[in-house]
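Beneath this line is the structure, given in structure tokens, with notes to follow.
The values are calculated or read from the model by the stated rules, or taken from the named source; none is laboratory data. Predicted, not measured: the structure shown is a model, and the values here were computed from it. Quick reminder, even Gly has a Cβ in these numbers, built from the backbone with ideal geometry, and neighbours come from all protein chains shown.
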Amino acid sequence: MIDVLIVGAGPTGLTAGCLLARAGLRVRAVRKHRPFSGHSRASVIWPHALEILADTGALDAVAATGGRVTALGYYSSGTPIARFELDRLTDTRFGYALGASQHDTEAALEAAFRAAGGELEDGEVVDLEQDDGQVRVRVRADGRDLQHSARYLIGADGASSTVRDLLGITMADVGPRVRFRIADALVDGLPGDEAGYCWTPGGGLAIGPHDRHAFRLAHRLAPGSPDAAAPADPAAFQRILDERGPRHARPVVREILATADFDTRFAVADRFGAGRCFLAGDSAHLMAPAGGQGMNAGMLDAAALSRRIVEARKNGTEEDFLPDYDTERQNAIRLIMATAVEHAKDGGLGAEADIADRDRRYAAIGSDPQAHLERVARMCQLHVPGHRPARV
Ligand SMILES: Cc1cc2nc3c(=O)[nH]c(=O)nc-3n(C[C@H](O)[C@H](O)[C@H](O)COP(=O)(O)OP(=O)(O)OC[C@H]3O[C@@H](n4cnc5c(N)ncnc54)[C@H](O)[C@@H]3O)c2cc1C
């Protein structure tokens, strides 16, 4: 019998797969689709997730494609209000984030997973049952049904998780649903080492290095707004950069490589597992992508879970570690979401007095070393329960 069956081979499932396989466990991942889609999703990997990526064996390959992000820049109507430097961080060996396409991150993780002896197969998990000793799943592949059994199962099967449904776990909204537009674009003039949050009374714009060449641009599509009616073309993104971007940089859109409009939610599963089955990543929690936190949180889930599974296998114990995992990650996710929701709220202010107050607040954080450190650590998911270099 295999030790761990992982449903899904996105960044969460593959991270868990690498950590478990590198610890000597027998691991199989089953995935429904090949990962390629028209556009990439996550583009920023923060320092805590970089620590985990280093433990997966995939860091060098991701770093070879990614660009280093060393600061968070905040702009109010084009004027800089604060710049938070990542090299101020004291409790990580990474004083930077990586801007890397999720495709490249997944490809690096897949290679590391296979190199560690992990087995990857195409198929759709359609049913599962469990008892005290094992989990049995039914996998549909090429029109045939196969059975697999494993000691543990990780449901890393994304936002519409089948595992979550089969376990009878529900997911509740904890914040507003928001529609976003993103572009991966070649833009002249923007700093390649900065994730930028550009806020104006008419709307915001998040900018981040997407890899070594392109930038990710993301903005909200409020219902009925001119942004929602505009086509996703270079002229529309140039207009938004002119209106909201860092004024001193005078950025110019050279080429749009890909665009997508999508709906986002802030939502958390009521439990992160049942019995020998666990949820991790988007199957357990969803957050709007403007703060760049979702994939990072999934990698942290993967590390927290893998560490417990490896300990249980090494000690030969059948201890129930679900409550411990559930509490640690629910608390962490609450903190991460509170930061993301507060960030979105700060970016959405429209009244002059509120904006002036916010700008003063950000400038004060920027010039107070302790507040500066605390703010950067929160964005990087470092000040969450269970932070430790992920060694499993
Ligand atoms: C436009 C956009 C931008 C984003 N930007 C960022 C960012 O900058 N930073 C960040 O941290 N996050 C970002 N995110 C969020 C990030 O993309 C997700 O949080 C991340 O992909 C979640 O990874 P996952 O492995 O949990 O799930 P997924 O990536 O969704 O992977 C799910 C896997 O499960 C498989 N699967 C599904 N159902 C089954 C089944 N029944 N049987 C077998 N396999 C199954 C799928 O094929 C897939 O392999 C962004 C999201 C979007 C949409």
Counted residues, segment 143-158 - those being over 17 Å from GLY273 (Cβ atoms) and touching a Lys or Arg at 6+ places or on another chain (Cβ under 8 Å): 5
Residue within segment 206-218 that is away from the ligand (no atom under 16 Å from the Cβ) and without any contact (Cβ under 8 Å) to a residue 60 or more places away in the chain present: yes
Criterion (under 19 Å from SER43 (Cβ atoms), buried (at least 20 other Cβ atoms within 10 Å of the Cβ) and modelled with pLDDT of 95 or more) met by exactly one of LEU241, LEU186: LEU241
Residues satisfying the stated conditions in segment 284-321, i.e. touching a Ser or Thr at 6+ places or on another chain (Cβ under 9 Å), crowded, with 19+ Cβ neighbours inside 10 Å and farther than 30 Å from LEU205 by Cβ: ALA302, ALA303, SER306
Subset of segment 173-205 (residues that are under 19 Å from the mean Cα position of the chain (by Cα), more than 16 Å from the ligand (Cβ to nearest atom) and among the aliphatic types (A, V, I, L, M)): none
Answer residue from segment 147-178, given it is in contact (Cβ under 8 Å) with a residue 60 or more places away in the chain and among the acidic types (Asp, Glu) and is nearest to ALA288 (Cα to Cα) among those: ASP173
Every residue from segment 127-174 that is of a type in the set (Val, Ile, Thr) and surrounded by 13 or more Cβ atoms within 10 Å (Cβ to Cβ): VAL135, VAL137, VAL139, ILE154, THR162, VAL163, ILE169, VAL174
Residue within segment 314-332 that is under 29 Å from ALA108 (Cβ atoms), hydrophobic (A, V, I, L, M, F, W, C) and part of a helix (DSSP H, G or I) present: yes
Residue in segment 242-259 that is closer than 28 Å to ALA172 by Cβ and of a type in the set (Ser, Thr, Tyr) present: no
Leading residue by the ranking (surrounded by the fewest Cβ atoms within 10 Å (Cβ to Cβ)) among those in segment 202-234 that are within 12 Å of ALA183 (Cα to Cα) and small (Gly, Ala, Ser): ALA232
Selected residue [hydrophobic (A, V, I, L, M, F, W, C), surrounded by fewer than 19 Cβ atoms within 10 Å (Cβ to Cβ), under 27 Å from GLY208 (Cα atoms) and over 24 Å from the mean Cα position of the chain (by Cα)] from ALA356, ALA338: ALA356
Test: residue in segment 348-366 that is within 16 Å of the ligand (Cβ to nearest atom) and in contact (Cβ under 8 Å) with a residue 60 or more places away in the chain: no
Test: residue in segment 120-135 that is farther than 24 Å from GLU318 by Cα and away from the ligand (no atom under 14 Å from the Cβ): no
